[in-house]
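Structure, as structure tokens:
The values are calculated or read from the model by the stated rules, or taken from the named source; none is laboratory data. What you see is a predicted model; the values in this text were computed from it and never measured. What goes into the accessible areas is simple: the full protein's heavy atoms, side chains included, and nothing from ligands, DNA or RNA. Shrake-Rupley method; radii C 1.70, N 1.55, O 1.52, S 1.80 Å.
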Amino acid sequence: MRPGVASRGAGGASSRAAREERALTSVAAGDRYEEPKDLPRLWHVTLSVSGREAPLKEVRRALEQLAHDHPFLLTSRYANDHAEIRYWEEARDLHDAAAVALRLWGEHRQSAGLPPWEIVGLEVIDRETYHLRVAEGYGPPPATPVGVHPY
């Protein structure tokens with residue numbers, strides 16, 4: 001049996017139920033299919049934080065803990081008084097991606113042992129814009145190596 005295909009039981013009830021759950025759409029000849037606007041998209045997020053100096057070892061350990069707890073983090077750069085976190089966020093729109101990013105530092109300050117720094121910068125761009133910038137040579141380079149690194 002193929003994955004995702006319901007087997008037919010007595011009278012084909014389970015396959016009939018599966019058909020009833022799927023919403024089918026048709027496209028007239030010549031029309032173009034467009035993705036629904038409310039589907040999640042990928043957003044590249046750069047979050048910048050800064051504050052009073054903290055020991056470098058503690059900053060690194062905290063960012064490593066954050067990356068361990070939330071493997072979506074792509075890369076972090078840090079110094080003793082500021083840090084930058086870059087990652088991809090899946091969200092319906094820019095507003096949702098920015099809202100999640102603005103909560104990230106504060107919500108994980110205690111669990112990861114992050115310094116009590118404030119958010120001083122936020123950039124959220126869609127995937128196409130990110131790749132366009134990189135291709136044109138003026139955007140942030142792809143995050144390599146991935147991980148937590150000093151400036």
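Structure data summary
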{"item": "Accessible area of region 58-149 divided out per residue, in Å², using a probe of 1.4 angstrom", "result": "56"}
{"item": "Extension gain, Glu90 back to Leu42 (0.36 nm per residue minus Cα-Cα distance, nm)", "result": "16.8 nm"}
{"item": "Heavy-atom accessible surface of region 55-108: percent carbon and sulfur, 1.4 Å", "result": "53"}
